[in-house]
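Worksheet: one structure, shown below.
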Amino acid sequence: MDGILLGTDTWLNAASTVGVINILGLNSEQLSSTDNQITIKKEMLDDFATRYFSYFVKTYARTSNYTKVMNFKNWLEQTNFFENVDFDNYAKFSTELSDTVKKYLTSASYKSAYTLVDGNLDVIAALKALPRLPKVTKKNWVQKSPQVVEAVKQAQPIINQIFEYLETPGAKKFIPAKVVQYSVIQKAWNGISFLSRQPQFKDFYEDYDRYFIQPVYDYLKEDHSKDKYMCSNCGRPMKKRDLSYGFLEFMGYDLNRKTSNAWQFNSDLFICPICQWQFSCLPAGINYAGQSGIFINANSNIESLVDINRAIDAEMHYDIKQQGYNSPYGAMVEALKDTETDRAAIYEAADVQIVRYENEHYTFSIIPRALLRTLNRSEGKRLKLLRGSRFVFSGVRYYLYDEVVKALLNNQNLFNLARRMMYVLINDPSNAKVSANQYLNTLIINHAFLEEAKIMTNTDLTLDDLQKIKGSGSHLRERFEKQEGNLNRLNSTAVKLLQSLNANDRQRFMQIVLRLYMEIGTVVPKVFDQIFLDDNLFQEIGLTFTSGIISSMAPEPVKQLKEGNE
């Protein structure tokens, strides 16, 4: 065989093929592709193990705990800490030394990497040799500062030794690569090669090469004209059946241990060495962020498949640089909304699969056309205004942007999310970093989605109407604020309105609204008639109105998005 043919016919093949392309650093001009397949030259496997780990180290450098440790070193140099010990710097120094340096450098992954690094420093012993740092406050800083300076002086040479060790070629080669094995690679596969409980080789670069690459070389050299077995994934002939999908996380099982899972205890789910190597590149094809991950299986052609997933990766890196955190959902939406390629409009005409990694499991769905059409509307641009907003409900932190996108991907409306958010805004506003306008934008996005999904068609409710409904609630609150003692009662009334929304009780909701307007002697806005037409209209009008009543309790609102602008 002159080359290795890799396909994209299934999501597993597609994601793994994208992973191979990413690891090799190939661009569209370098791809030799036909019929959704690419051909990899055999020579590209030379030193593939180095490329493999280098890709993960480079791609996830900004979120790696190794980077956090080295950032502490950079901070020491930038602040000239050892020559300028003041209270604020010392507070950061002691915290980072404990919560970052000692925490990570004594972890199991680092300890196993130390055995591969040539050096005469015992990092664990060095950390234990660090002096105990005095605890100080601003009040006793002057009194205790001499003790602090002395402790820092004793710690300086030890810390310098540790960072000199971490910057040796061996440390740079093995430690970051060891970290990504558990933070990234293990999310896709586990239990074999360097991720087995007892690896065959101490050097995991060699282990990967021997376990995945060498079998491919051997397979390419062999004559397969008389082979009696066939790979269940690609159809290539095989001499023996000893490799399976079992090493893939949540996607396979050990065929040797669980024969009962197969029909008549005889499984045919065996794969060839080429597919095993291809699948080992799966984590390079999926974009991971923390405990989440995403892959868009837009496999109409290889170029578009690579393009959309690289766009997601680029957006995630941009998020980290600009905001200090990244979201695969936000990156996916921004990639779909790319104005140059207009991907949302293109994908609207096709069933595009999305693979999500959440809660240590993979889920599969088709990107809803209603979501794609919503992104193409001006309301879709309001998503950006939700960035950075979050709230805590029942001890769980929710990031509004991610929750909105996840719900829409599941073809779900946002009413449940909006009710949870409102509960926190009413009862515990300190746990909600959500402005009044961000809340309203959530409802506007939901309105657009319901229209595009053809769920809400019996209304002519417009964006201006929603603004007016919120304004009605705000006006009502202003009237009550002028009457001493009424504001607290209005807040409790907001709770009752929310309760009626949770129970989907239109009668009770309308009774409360009528009583409120009777007290201020004003006519009830005609739009409230529509709550009896449809459950979705009731929720939309009710939540928008109640958000106006509690709007002043929310943090400072963000600048309102103008139509047609970012």
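Label points 7 Å out from Cα along the Cβ direction at residue 202 and residue 365: separation in nm?
Label-label distance for residue 202 and residue 365, simple model: 4.9 nm.
Might you report the magnitude of the Cβ-based charge dipole of the chain about its Cα centre, with Lys and Arg at +1 and Asp and Glu at -1, to the nearest 20 debye?
The calculated dipole for the chain is roughly 1840 debye.
Compute the Cα gyration tensor for region 106-170, then decide on rounded, prolate or oblate, letting a ≥ b ≥ c be the square roots of its eigenvalues: rounded whenever a/c is under 1.5, prolate when a/b is larger than b/c in the other cases, and oblate in all that remain.
Prolate, because a/c is 1.5 or more and a/b exceeds b/c.
Contour minus end-to-end for residue 454 and residue 228, with contour as 0.36 nm per residue of separation and end-to-end as the Cα-Cα distance?
Contour length minus Cα-Cα distance gives 76.0 nm.
Which values, in whole Å and largest first, are the semi-axes of the equivalent ellipsoid of the chain obtained as the square root of 5 times each eigenvalue of the Cα gyration tensor?
50, 38, 19
Reachable lysines from residue 468, Cα under 25 Å, same-chain residues fewer than 8 places away excluded?
Excluding near neighbours in sequence, the set is 381, 384, 433, 454, 482, 496, 526, 559, 562.
How large, in percent, is the carbon and sulfur part of the accessible surface of the chain at a probe radius of 1.4 Å?
Its accessible area is 46 percent carbon and sulfur atoms.
For residue 524 and residue 396, what is the calculated FRET efficiency with R₀ set at 56 Å and r taken between the beta-carbons, to the nearest 0.05?
0.90
May I ask for the net charge around residue 89, where only other residues with Cβ less than 12 Å from the Cβ of residue 89 are counted and Lys, Arg are +1 while Asp, Glu are -1?
Charge balance near residue 89 sits at -3.
Pull up all non-local amide H partners of residue 270: gap of 5 or more, or a different chain, and H-to-H distance under 5 Å with H placed in the peptide plane.
Excluding prolines and chain starts, which carry no amide H, the hits are 232.
Give, as a single signed number, the net charge of other residues whose beta carbon lies under 10 Å from the beta carbon of residue 291, with Lys and Arg counted +1 and Asp and Glu -1.
After counting each charged neighbour, the total is -1.
Quick query: amide H of residue 393 versus all other amide H atoms, modeled in the peptide plane; which residues come in under 5 Å with a sequence gap of 5 or more or a different chain?
398
Let a ≥ b ≥ c be the square roots of the eigenvalues of the Cα gyration tensor of region 144-233; is it rounded (a/c under 1.5), or, if not, prolate (a/b larger than b/c) or oblate?
Working: a/c = 5.56, a/b = 3.44, b/c = 1.62.
The shape class here is prolate.
For the chain, report the accessible area per residue in Å² (1.4 Å probe, heavy atoms, rounded to an integer).
48 Å²
Rg and Dmax of region 1-87 over Cα atoms: what are they, in angstrom?
Radius of gyration, then largest Cα-Cα span, for region 1-87: 20.5, 67 Å.
Let's see if you can work this out: charge +1 on each Lys and Arg Cβ, -1 on each Asp and Glu Cβ, no other charges. What is the dipole magnitude of region 25-105 about its Cα centre, in debye to the nearest 20?
About 240 debye.
Sum up the charges of everything whose Cβ sits under 12 Å from the Cβ of residue 73, counting Lys and Arg as +1 and Asp and Glu as -1, but leave residue 73 out.
Counting the neighbours of residue 73, the net charge comes to -3.
Go ahead and run the numbers for FRET between residue 84 and residue 112, Cβ-Cβ distance against an R0 of 22 Å, rounding to 0.05.
0.05
The values are calculated or read from the model by the stated rules, or taken from the named source; none is laboratory data. Fair warning: this is a prediction, and the values are worked out from it, not measured in the lab. Note that each Cβ is placed from the backbone with ideal geometry, even for glycine, and that neighbours are counted across all protein chains shown. With ligands, DNA and RNA removed, areas are computed over all heavy atoms of the protein, side chains included. Shrake-Rupley method; radii C 1.70, N 1.55, O 1.52, S 1.80 Å.
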